[in-house]
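The values are calculated or read from the model by the stated rules, or taken from the named source; none is laboratory data. Every value quoted in this text rests on a predicted model; they were computed, and no experiment measured them. Positions of Cβ are backbone-derived with ideal geometry, glycine not excepted, and every protein chain shown enters the neighbour counts.
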Amino acid sequence: MGTTSAPTTGQPRRQRRWLQFGLGTLLGLVTLTAVWLGAIVNRAERQRRAVAAIQHLGGEVAFADEGDGILGWTPEWLRGWARKGYFQPVTMVSLMSVTGVSDANLTHLQGLTGLERLWLQDTKVSDAGLVHLERLTALQELDLSNTQVSDAGLKHLMEMSSLQRLWLLNTQVSDAGVAELRAALPSCNIEASMPTVTVP
């Protein structure tokens, strides 16, 4: 007569869920890292193209310190992987007295959101070009002296709360336009003078 084994009792064998959780977490971290790196490289590429265009025109640029990255702090290993200035935001652009600089050229500035100082004096920039500066929320100093800017162009500067110094010497702005801008930007030191009129 055969023997029968007693049925096993107790809890069913627990599956090893720690491995599944570990793989899911790893995939999540890899995805987040890829998104983060993609955002940095995408912005860095836009900046690289803007810098190349500015330098092609004959302008000059300056970058932030090595520790300051385009999206905040950038790891040293990532900075070491790229050429100098690739991951540092542009903080200064000078197109001063560059022949041929006009409103259309200012489209290159739109992606330089870390820009703090911008020199456009002695260029052909007019009111139409200032629309390209509206997103430069970090801008602290702007020189528009000896340009064709008038009161209409000042409307594009009204929201630049970070602006600390603005030069409008020998432009087409009026006393009323400057007064309105001063009311909108009380912390900004604005230097303006009317163009000299030669009496025949």
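Tabulated values for the structure
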item	result
The stretch 89-109 - residue that is at pLDDT below 95 and among the hydroxyl-bearing types (S, T, Y) and, of those, farthest from A138 (Cα to Cα)	T99
Filtered residues of the stretch 43-61 (kept if within 13 Å of V101 (Cα to Cα) and under 16 Å from the mean Cα position of the chain (by Cα))	A53, I54
Residue that is closer than 22 Å to S193 by Cβ, surrounded by fewer than 18 Cβ atoms within 10 Å (Cβ to Cβ) and either acidic (D, E) or at pLDDT 95 or above (or both), where the choices are Q140, Q121	Q140
Residue selected from the stretch 143-163 under the condition among the aliphatic types (A, V, I, L, M) and surrounded by fewer than 20 Cβ atoms within 10 Å (Cβ to Cβ), by the criterion nearest to T113 (Cα to Cα)	M158
Whichever residue in the stretch 164-189 is in a helix (DSSP H, G or I) and free of Cβ contacts under 8 Å to residues at least 24 places away in the same chain and, among such residues, is surrounded by the most Cβ atoms within 10 Å (Cβ to Cβ)	R182
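Condition check ((1) charged (D, E, K, R); (2) more than 25 Å from F63 (Cα to Cα)) across all residues:
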| position | (1), (2) |
| --- | --- |
| L109 | no, no |
| D151 | yes, yes |
| K155 | yes, yes |
| S162 | no, no |
| V173 | no, yes |
